[in-house]
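Below: the structure, in structure tokens.
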Amino acid sequence: MTTTTTQKLEHKTLAGGLSNPQLDFKVLWGSTLFLLAGGVTMVASASSVFAYETYGNSWYLAARQVVFAAIGLLGMWFASHRAPHATRKMSWWFLAGVVLALVAVLIIGTSVNGQRNWIEFGPIRIQPSEYAKLAVILWSADILTRKQAILSQRRHLLVPIVPVFCVILFLILLEGDLGTAMVMTPIMMAMVFYAGAPGRWMGYTSVLGLAGIAYYSHAQAYRMVRFTAWLHPDADPTGAGFQLAHGKQAMGTGGWWGLSLGASRQKWGTLPEAHTDFIYAVVGEETGLLGTFIILGLFLAIGFTGFRIARRAPDSYTRLVAAGVTTWISVQMLVNICAVVGILPITGVPLPLVSYGGSSLIPTLYALGILMSFARQPATQAKST
């Protein structure tokens, strides 16, 4: 066998491996598990001091996160073995339940840090707005797929998707949750764009979204404080800029290799929300730039694979859901990390799969399970044919 023939066979083997749909499943599965394991580890470290001061047990929040992860993994496994049409059937009921929960929050909800977006059942606390992201994606994908034949008429791209989205967004903003609203808007833009909306519509929506963010940033005093601290981070380092200053200090202290796991200094009451919104700063402090790059790399792997699944989807529904879920996780990751390093104002958005909290972790894992089911589907179809 000649060298040229050998190279051609190697090229075909490599190309075949990269085009194998099972590779998408393996990348999603591996990246998710690595992020989840790293997240649980970092929650255990970042929350230890706060948990001891609040609950008298350094492992209290870490143990809860393990339970959340177990529930989320069970949901992910269940979703990854469901056919797309089975997932699609539940979209209307899921959306209706989320809307009712968002209304209930305004009536019986609990306020945390100026945001009334939680419902408490004894020791269990649920944030319905986190589930709204997945509900909107599944429902919108179903509607747009049903109307696929008439989407050339532009009004069908907007009705009823945009009115329902605006109602949900209004309920979330009434709760004071601007961070979730900032993530929800790109999700809807991605859904409509992948359904065939002109690119200029995305520009108009972006301008309207930025205007809305500016308005709501001025509507509440604590949001205005955050916005001012972002514009002038060094003006009040012991007041409005305290969290951002100590987040940057944590990132800088870690250097290339970090101080080692558990050695964070900022978690000793200096960095607010160290185990939730600012856990990425603790990752940088304890594992250094290496750890933060690994986190970014795993998210990039999920994002690349998710959009590849959307591009190769055999039908409109799976394409739209894959695009929506990937946009959600990617945008939320960017909003969180950019806030920690000072590129964006602090919004209170958790880092997917890494930050503490079941309301964020469980629906995210379920959504990734849906992506995995889409990745498995082409292989199953190919095997059957």
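The values are calculated or read from the model by the stated rules, or taken from the named source; none is laboratory data. Keep in mind the model is a prediction, meaning the values are calculated, not measured. No Cβ is skipped: glycine too gets one built from the backbone with ideal geometry, and neighbour counts run over all protein chains shown.
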**Fill in**
When every residue in segment 238-265 that is among the aliphatic types (A, V, I, L, M) and within 22 Å of residue 180 (Cα to Cα) is compared, the one modelled with the highest pLDDT is 244
**Message:** surrounded by fewer than 20 Cβ atoms within 10 Å (Cβ to Cβ) and at pLDDT 85 or above: which single residue out of 158, 174 fits that description?
**Reply:** 174
**Request:** Answer yes if at least one residue in segment 43-62 is surrounded by fewer than 18 Cβ atoms within 10 Å (Cβ to Cβ), in contact (Cβ under 8 Å) with a residue 24 or more places away in the chain, among the hydrophobic types (A, V, I, L, M, F, W, C) and under 29 Å from residue 322 (Cα atoms), and no otherwise.
**Result:** no
**Message:** Residue pairs, Cβ under 6 Å, 6 or more apart or interchain, first in segment 295-313 and touching a residue at least 40 places away in the same chain (Cβ under 8 Å), second aromatic (Phe, Trp, Tyr). List them.
**Reply:** 298/34; 309/374
**Leading residue by the ranking (surrounded by the most Cβ atoms within 10 Å (Cβ to Cβ)) among those in segment 266-295 that are modelled with pLDDT under 90 and over 19 Å from residue 339 (Cα atoms)** = 268
**Asked** Quick one: in segment 288-347, which of the residues that are under 29 Å from residue 145 (Cα atoms) and polar (S, T, N, Q) is nearest to the chain's Cα centre (by Cα)?
**Response** 332
**Asked** Within the set of pairs 6 or more residues apart or between chains, which connect a residue that is of a type in the set (Asp, Glu) inside segment 105-130 to a residue that is surrounded by fewer than 16 Cβ atoms within 10 Å (Cβ to Cβ) with Cβ atoms less than 8 Å apart?
**Response** 120/110
**Asked** In segment 345-375, what residues are hydroxyl-bearing (Ser, Thr, Tyr) and assigned to a loop (DSSP other than H, G, I, E, B)?
**Response** 347, 355, 356
**Prompt:** So which residues in segment 301-316 are under 16 Å from residue 35 (Cα atoms) and surrounded by fewer than 18 Cβ atoms within 10 Å (Cβ to Cβ)?
**Reply:** 301, 304
**Prompt:** Which members of segment 304-327 meet the condition of being assigned to a helix (DSSP H, G or I) and more than 18 Å from residue 138 (Cα to Cα)?
**Reply:** 304, 305, 308
**Request:** Answer yes or no as to whether residue 291 is small (Gly, Ala, Ser) and in contact with a helix residue (DSSP H, G or I) (Cβ under 8 Å, 6 or more places away or on another chain).
**Result:** yes
**Request:** State which residue is surrounded by the most Cβ atoms within 10 Å (Cβ to Cβ) when the search covers only segment 116-155 and only residues that are within 20 Å of residue 97 (Cα to Cα) and of a type in the set (D, E, K, R).
**Result:** 133
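Do the conditions hold for residue 152, that is, is it hydroxyl-bearing (Ser, Thr, Tyr), in contact (Cβ under 8 Å) with a residue 12 or more places away in the chain and either under 24 Å from residue 198 (Cα atoms) or not in a helix (DSSP H, G or I) (or both)?
Judged against the criteria, residue 152 is a match.
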**Message:** Need a quick list: strands (runs of 3 or more DSSP E) entirely within segment 29-126 having at least 1 residues that are acidic (Asp, Glu) and farther than 26 Å from residue 301 by Cα.
**Reply:** 115-121
**Fill in**
Taking segment 171-215 and keeping only residues that are more than 20 Å from the chain's Cα centre (by Cα), closer than 24 Å to residue 336 by Cβ and of a type outside the set (A, V, I, L, M), one is left with 205, 212, 215
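Looking for something exposed (fewer than 15 other Cβ atoms within 10 Å of the Cβ) and modelled with pLDDT of 95 or more - is there at least one such residue anywhere in segment 9-20?
no
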**Request:** Go through (1) in contact with a Ser or Thr (Cβ under 9 Å, 6 or more places away or on another chain); (2) not in a helix (DSSP H, G or I) and name the single condition residue 138 misses.
**Result:** (2)
